[in-house]
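Peer 1: Take a look at the following structure, please.
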Amino acid sequence: MLQAIEQGQLRERVQRHLDTIYRDNPLGAKLTGLADELLELMGLDASACAPQMHVNHWDQRDAVVITYGDSVLRDGEHPLQTLKCFLDEHTSEHISGVHILPFYPWSSDDGFAVLDYSSVNEALGDWSDISAIAADYQLMADLVVNHCSGRSLWFDNFLKGRSPGKGYFFTASPDDDLSHVVRPRTSPLLREVETSEGTQYVWCTFSHDQVDLDFRNPQVLKQFVSILRQYMDHGVRIFRLDAVAFLWKIPGTSCLNLEETHEIVRLMRTLVEHVSADALLITETNIPNRENLSYFGNANEAHSVYNFSLPPLLVNTLITGDCTYLKHWMMSMPPAQNGTAYFNFIASHDGIGLRPAEGLLSEREVETLVATMQQFGGNVSYRALQDGERKPYEINISLFDALQGTTSGPDAFAVERFVCAHAIMLGLEGIPGIYIHSLFGTRNDYQRVENTGHYRAINRHQWDYTELTQLLQQEQSTHARVFASIKELLSIRRSQAAFHPNATQFTLHLGVGLFGYWRQSIDRRQSIFCISNISTQTLPLSLEAINLIETEDWLDLISGEQLFAREQVLALLPYQTLWITNVPNHA
């Protein structure tokens, strides 16, 4: 139950955030009255409701589709309307939420160089289309918070010394100590520009068309608080904080994961959850695992963090037939506190990130992974190191093509391997996110790479609605087989309490070819043993190895097969998954 919170208490809480963020008062920031301004921008100038800590706003019925607004197209219709039609007709009984990747006007990077945060790209639709999707699904939107387009009005005004825009962008000197800066690109960090005040060097973490904002200036913070409120007014309840780890910069440091960045996340959480108790923040931090986990804070920062280590580890497991690295990582992962949850995914609009595998996969494993993905038609993006060398940062490939074979080459198990990957992901602790192209096994789009000149375009195909629906009706087509299998897994998942994102999870030890874990419902009534053969060989599974309680009846939820005795030995086909439970449909 929500409790009223006095305006003075909320103001004090916001002020504490601001005092931490601006404790060194960079740029001589004027903080007087800033807390009240932020509360007014969020519509919290009257009494608000205090959210309860450690409350889960999700359960096993939740799954999110990740998609661009124009991933599915139909003549004569706004792409956002076509997207909603597709979701309503094909996935509404299986998913609860939709993450629409940047739907704003943009200049590059398929939406992540934002021209105008307050508008919907006319090529996609308008705010009424966004609100219509939000009315039927939990809507996640990107808050591209680290940078905006170098062709935006803000940046044009910055160059001319006008507002809004003057003082909005981070500048540095080529003479500054920038040797420790960590970033995911090989392009020069600083971009030289001519402004009304002379030559300046603006900071560009990603590209020279993506100019980093300067949150040392409270006016920038106020702009983004206003944007948060606008999105909430149109039905957005989940905010993906894009590239947030790079937000605060201090030359001479790594400029990554600085304390001010964490405090801005805490401030945003305080503001959005006092507007709506079920509003959620998800941090997109494509960085090593330990650093990624830090964005949970003490259950007072992100409600959810992207589980970035899962994609490279799971793909590595399935192409090598060895789950050792995945198992070791699983055992090291702390359970998420109530009120927080992992966001699990194995494919996205980007590629398979390799930074999250640092310290988890050996250099030899990474080299083998990269070489295999290149053999399957993938490309590799690099990042610059301090010594001037470059290192693989991301593999760009569709997930279906990534799993078309093993390190020995392509084989006949592509569909089975692909479905196995999703069965593993869907059973894990956390909320699952499924990229729309993974729903039906979209292949590498080489033509789109050629047309755009960008490697990431390989996994950003645009489907014609009629063509796609016809393919999904052809039962023996690869697309239809994948789609039917994943929907079946989602249907089973939704009704099992042991698949709650915060239900207990323990890793099983079944050798290198069988990967398994045990889930137990929060009320401890239901157990599910999730076991997958991650190899090309049929492998035996002795039920004694997973210690089933003899006094209970056990059933494989996927095949429907009844299991009768602990002494039974099952033969798992290549890439077959079992979800063995004692209490089916316990929700």
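Peer 1: Of all residues in the range 213-240, which are assigned to a strand (DSSP E or B), under 21 Å from the mean Cα position of the chain (by Cα) and not aromatic (Phe, Trp, Tyr)?
Peer 2: Scanning the range 213-240 gives VAL236, ARG237, ILE238, ARG240.
Peer 1: Here is a follow-up. Give the residues of the range 443-452 that are surrounded by fewer than 18 Cβ atoms within 10 Å (Cβ to Cβ) and among the acidic types (Asp, Glu), sorted by residue number.
Peer 2: Matches in the range 443-452: GLU450 only.
Peer 1: Scan the range 350-379 for residues that are in a strand (DSSP E or B) and either of a type outside the set (A, V, I, L, M) or modelled with pLDDT under 95 (or both) and jot them down.
Peer 2: Matches in the range 350-379: GLY353, GLU358, ASN379.
Peer 1: Please work out if ILE436 is in contact (Cβ under 8 Å) with a residue 40 or more places away in the chain and in contact with a helix residue (DSSP H, G or I) (Cβ under 7 Å, 6 or more places away or on another chain).
Peer 2: Taking the combined requirement at face value, the residue does not satisfy it.
Peer 1: Is it true that ASN157 is modelled with pLDDT of 95 or more, surrounded by fewer than 22 Cβ atoms within 10 Å (Cβ to Cβ), polar (S, T, N, Q) and outside any loop (DSSP other than H, G, I, E, B)?
Peer 2: The answer is yes for ASN157.
Peer 1: Next question. Can you tell me which of (1) buried (at least 23 other Cβ atoms within 10 Å of the Cβ); (2) modelled with pLDDT under 95 is the one PRO102 doesn't meet?
Peer 2: Failing condition for PRO102: (2).
Peer 1: Regarding ARG448, is this residue basic (Lys, Arg), in a helix (DSSP H, G or I), at pLDDT 95 or above and more than 15 Å from the chain's Cα centre (by Cα)?
Peer 2: Considered against the rule, which asks whether it is basic (Lys, Arg), in a helix (DSSP H, G or I), at pLDDT 95 or above and more than 15 Å from the chain's Cα centre (by Cα), ARG448 comes out as yes.
Peer 1: Name the residue, out of ARG481, ARG493, that is of a type in the set (Lys, Arg) and in contact with a Phe, Trp or Tyr (Cβ under 8 Å, 6 or more places away or on another chain).
Peer 2: ARG493
Peer 1: Let me ask something additional. Scan (1) among the β-branched types (Val, Ile, Thr); (2) surrounded by 20 or more Cβ atoms within 10 Å (Cβ to Cβ); (3) assigned to a loop (DSSP other than H, G, I, E, B) for the single condition THR186 breaks and write down its number.
Peer 2: Checking THR186 against (1) among the β-branched types (Val, Ile, Thr); (2) surrounded by 20 or more Cβ atoms within 10 Å (Cβ to Cβ); (3) assigned to a loop (DSSP other than H, G, I, E, B), the one that fails is (2).
Peer 1: I'm checking my understanding of the structure. Among residues of the range 17-48 that are surrounded by fewer than 17 Cβ atoms within 10 Å (Cβ to Cβ) and either among the basic types (Lys, Arg) or more than 19 Å from ARG216 (Cβ to Cβ) (or both), which one is modelled with the lowest pLDDT?
Peer 2: SER47
Peer 1: May I pose another question? Of all residues in the range 203-259, which are crowded, with 18+ Cβ neighbours inside 10 Å, hydroxyl-bearing (Ser, Thr, Tyr) and closer than 28 Å to ALA135 by Cα?
Peer 2: Hit for the range 203-259 is TYR231, nothing else.
Peer 1: Kindly list the number of the only condition in (1) closer than 30 Å to ASP177 by Cβ; (2) of a type in the set (S, T, N, Q); (3) assigned to a loop (DSSP other than H, G, I, E, B); (4) touching a residue at least 40 places away in the same chain (Cβ under 8 Å) that fails for ASN257.
Peer 2: (4)
Peer 1: Which count do you get for residues in the range 269-290 that are among the charged types (D, E, K, R), within 18 Å of the chain's Cα centre (by Cα) and part of a helix (DSSP H, G or I)?
Peer 2: Qualifying residue count for the region: 2.
Residue-by-condition table, conditions (1) without any contact (Cβ under 8 Å) to a residue 60 or more places away in the chain; (2) within 24 Å of VAL211 (Cα to Cα); (3) in the same structural domain as ASP464 (by TED's automatic domain parsing):
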position: LYS84; (1), (2), (3): yes, no, yes
position: HIS90; (1), (2), (3): no, no, yes
position: VAL114; (1), (2), (3): yes, yes, no
position: SER119; (1), (2), (3): yes, yes, no
position: GLU122; (1), (2), (3): yes, yes, no
position: TRP127; (1), (2), (3): no, no, no
position: ALA132; (1), (2), (3): yes, no, no
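Peer 1: Among the residues of the range 380-412, what is the count of those that are out of contact with any strand residue (DSSP E or B) (no Cβ under 8 Å at 6 or more places or on another chain), of a type outside the set (Val, Ile, Thr), in contact (Cβ under 8 Å) with a residue 24 or more places away in the chain and not in a strand (DSSP E or B)?
Peer 2: Adding up the residues that qualify gives 5.
Peer 1: So ARG355 clears everything in (1) surrounded by 18 or more Cβ atoms within 10 Å (Cβ to Cβ); (2) under 25 Å from GLN447 (Cβ atoms) except one condition, right? Which one?
Peer 2: With (1) surrounded by 18 or more Cβ atoms within 10 Å (Cβ to Cβ); (2) under 25 Å from GLN447 (Cβ atoms) applied to ARG355, the lone miss is (2).
Peer 1: Any residue in the range 312-319 that is in a helix (DSSP H, G or I), at pLDDT 95 or above and within 15 Å of the chain's Cα centre (by Cα)?
Peer 2: The answer is yes; a qualifying residue exists.
Peer 1: Could you list, in sequence order, the residues of the range 453-480 that are assigned to a helix (DSSP H, G or I), loosely packed, with under 15 Cβ neighbours inside 10 Å and in contact (Cβ under 8 Å) with a residue 12 or more places away in the chain?
Peer 2: Listed by number, the list holds a single entry, THR466.
The values are calculated or read from the model by the stated rules, or taken from the named source; none is laboratory data. Note that the structure is predicted; figures quoted are calculated from it, not measured. All Cβ positions, even for glycine, are placed from backbone atoms using ideal geometry, and neighbour counts span all protein chains on display.
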